[in-house]
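Student: Below is a structure I'd like to ask you about.
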Amino acid sequence: MGVRRPFVAGNWKMNPDYAGAKALTEALGPALAPYLGSVDVGACPTHLHMPSCGPDLRKAGLLVGAQDAYPGTTGAFTGEVSVAMVKECGASFVLTGHSERRHVLMETDALVREKTHAALDAGLGCVLCIGEKIEQREAGKTDEVNRHQLESALAGLDEAVAKERLTVAYEPVWAIGTGKVASPQDAQDAHQKIRAVLAGLFSQETADSIRIQYGGSMKPENAAELLAQPDIDGGLIGGAALKADAFASIVEAAAGVVSP
Ligand code: PEP
């Protein structure tokens, strides 16, 4: 894992209802407590549940993330929630570029760039998600897609800001929510190339300090092997983040703590 402190974040998506989100929040505190000294752990409830769950998540030592945020503070954008609003609700980071937003909600590269910059400019952390679709992988275009998505979203970003607040999540689209997972070696190869792109955009020193999470069906059974790769610095977790014990096992793997 090198010098980078691992960062594991749970993306709850449009999942638990109010009671379920409260119950998950309550369960996460004790389950994660043993590992928070060595791992940064985040949880991303829906915007609606940020005010009800956020204070308890923070009290338990977790970072609260927003699953999305619209650039700006206020304005005529029906249905949207601004970067300023999620910050006001206690978010310390925002997910941008998630494949469900790119490919289901049809967000363009330009909007991903705007959101990424807006979150970072507001002083928030940003987990920028990138990754290839299955047909792009089969056409040998994984690295090209990752490079394009990085260069597009990060164009013009100040190096000091990237160093301080940017995380990248490599999430092969075919592995998200499917139970299929990239092999540790394939994931490591992709992460290494992503870091090389970051070095080109910023500097080697900054690239070496930016955490690159793996996302896509990471589970207790496969987490340790993935997280042992030198350029995999944590995980962005969907399905397995909805059960406190499964999520805690992944965090435990990130901490390198051996179960008693
Ligand atoms: C995700 O949504 O970012 C994700 C990785 O989901 P899952 O873990 O369910 O594949």
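The values are calculated or read from the model by the stated rules, or taken from the named source; none is laboratory data. Just so we're clear, the structure is a prediction, and the values are computed from it rather than from any experiment. A quick note on method: Cβ atoms are made from the backbone with ideal geometry, for glycine too, and the neighbour counts reach across all protein chains shown. We work out accessible area using only protein heavy atoms, side chains counted, and drop any ligands, DNA or RNA first. Shrake-Rupley method; radii C 1.70, N 1.55, O 1.52, S 1.80 Å.
Student: Considering each residue of segment 1-19, count those that are open to solvent by 30 Å² or more (accessible area, probe 1.4 Å), of a type in the set (Gly, Ala, Ser) and at pLDDT 95 or above, and give that number.
Tutor: Result for segment 1-19: 1.
Student: Determine whether Cys44 is in contact (Cβ under 8 Å) with a residue 24 or more places away in the chain, farther than 28 Å from Arg113 by Cα and open to solvent by less than 10 Å² (accessible area, probe 1.4 Å).
Tutor: Taking the combined requirement at face value, the residue does not satisfy it.
Residue-by-condition table, conditions (1) surrounded by 15 or more Cβ atoms within 10 Å (Cβ to Cβ); (2) more than 16 Å from the ligand (Cβ to nearest atom):
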position: Phe77; (1), (2): no, yes
position: Ala84; (1), (2): yes, yes
position: Ser99; (1), (2): yes, no
position: Ala122; (1), (2): yes, yes
position: Ile134; (1), (2): no, no
position: Leu157; (1), (2): yes, yes
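Student: Still on this structure: Right, Thr73: open to solvent by 30 Å² or more (accessible area, probe 1.4 Å), of a type in the set (Ser, Thr, Tyr) and touching a strand residue (DSSP E or B) at 6+ places or on another chain (Cβ under 9 Å) or not?
Tutor: yes
Student: Considering each of Arg147, Arg137, Arg113 in turn, give the residue that is without any contact (Cβ under 8 Å) to a residue 40 or more places away in the chain and of a type in the set (D, E, K, R).
Tutor: The conditions single out Arg137.
Student: Evaluate the following for Gly61: is it surrounded by fewer than 16 Cβ atoms within 10 Å (Cβ to Cβ), touching a residue at least 40 places away in the same chain (Cβ under 8 Å) and either out of contact with any Gly (no Cβ under 7 Å at 6 or more places or on another chain) or at positive phi (or both)?
Tutor: Considered against the rule, which asks whether it is surrounded by fewer than 16 Cβ atoms within 10 Å (Cβ to Cβ), touching a residue at least 40 places away in the same chain (Cβ under 8 Å) and either out of contact with any Gly (no Cβ under 7 Å at 6 or more places or on another chain) or at positive phi (or both), Gly61 comes out as no.
Student: Any idea how many residues of segment 27-36 are surrounded by fewer than 15 Cβ atoms within 10 Å (Cβ to Cβ) and without any contact (Cβ under 8 Å) to a residue 40 or more places away in the chain?
Tutor: 2
Student: Pull up segment 159-179, narrow it to residues that are away from the ligand (no atom under 16 Å from the Cβ) and hydrophobic (A, V, I, L, M, F, W, C), then point me to the one that is most open to solvent (accessible area, probe 1.4 Å).
Tutor: Result: Ala160.
Student: Provide a single number: the residues in segment 206-230 that are more than 8 Å from the ligand (Cβ to nearest atom), in contact (Cβ under 8 Å) with a residue 24 or more places away in the chain and open to solvent by 20 Å² or more (accessible area, probe 1.4 Å).
Tutor: Adding up the residues that qualify gives 10.
Student: Right, Ala254: in contact (Cβ under 8 Å) with a residue 60 or more places away in the chain and of a type in the set (A, V, I, L, M, F, W, C) or not?
Tutor: yes
Student: Assess whether Asp189 counts as being more than 12 Å from the ligand (Cβ to nearest atom) and within 16 Å of the chain's Cα centre (by Cα).
Tutor: no
Student: Picking from Gly54, Gly29, which residue would you name as being part of a helix (DSSP H, G or I), of a type in the set (Gly, Ala, Ser) and farther than 14 Å from Ser92 by Cβ?
Tutor: Gly29
Student: Being open to solvent by less than 40 Å² (accessible area, probe 1.4 Å), under 26 Å from Met14 (Cβ atoms) and modelled with pLDDT under 95 narrows it down to one residue among Ala182, Ala254; which is it?
Tutor: Residue meeting the stated conditions: Ala182.
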